[in-house]
């Protein structure tokens, strides 16, 4: 397990998947996706999701990824270093430091966009002024 960016709810099961303490809105979708993994904290003023236990099987890992995908406020996170999971979730839901990103295009990637400066040629306004000048003879 990597270092977590945020504090997990204290009742969450220790491990790579966690819910950020005091950020849960507990609307029920994570519970519906993975009832075997997600539960509710006990003895709190309001309902708060917790990880009852960490995923163990491939199916449970799929369910855990599903929990994170339905978490509208981004309170469910991954603190592990399994690159396959990080690639599927995206960096916004992972606590691992950013790894080196390839700088060379990968086969099949579209060419990068090109940009020009605003004054690098006659734009729409410049062309309109030129037309007006020629029509008005100025």
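The values are calculated or read from the model by the stated rules, or taken from the named source; none is laboratory data. Model, not experiment: these values are computed from the prediction. Counting neighbours? That spans all protein chains shown, and the Cβs are built from the backbone with ideal geometry, glycine included.
Residue-by-condition table, conditions (1) modelled with pLDDT under 90; (2) within 22 Å of the chain's Cα centre (by Cα):
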| residue | (1), (2) |
| --- | --- |
| 17 | no, yes |
| 20 | no, yes |
| 26 | yes, yes |
| 32 | yes, yes |
| 50 | no, yes |
| 57 | no, no |
| 64 | no, yes |
| 74 | yes, yes |
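Residue 64: over 20 Å from residue 4 (Cα atoms) and touching a helix residue (DSSP H, G or I) at 6+ places or on another chain (Cβ under 9 Å), yes or no? Even if it seems obvious, please write down each step before you answer.
Working: over 20 Å from residue 4 (Cα atoms): no; touching a helix residue (DSSP H, G or I) at 6+ places or on another chain (Cβ under 9 Å): yes.
The answer is no for residue 64.
With respect to the conditions (1) assigned to a loop (DSSP other than H, G, I, E, B); (2) surrounded by fewer than 18 Cβ atoms within 10 Å (Cβ to Cβ); (3) at pLDDT below 90; (4) touching a helix residue (DSSP H, G or I) at 6+ places or on another chain (Cβ under 9 Å), residue 96 falls short on a single one, namely (2). Just one of the listed residues (124, 135, 118) is at negative phi, over 23 Å from the mean Cα position of the chain (by Cα), modelled with pLDDT of 80 or more and exposed (fewer than 10 other Cβ atoms within 10 Å of the Cβ), namely 135.
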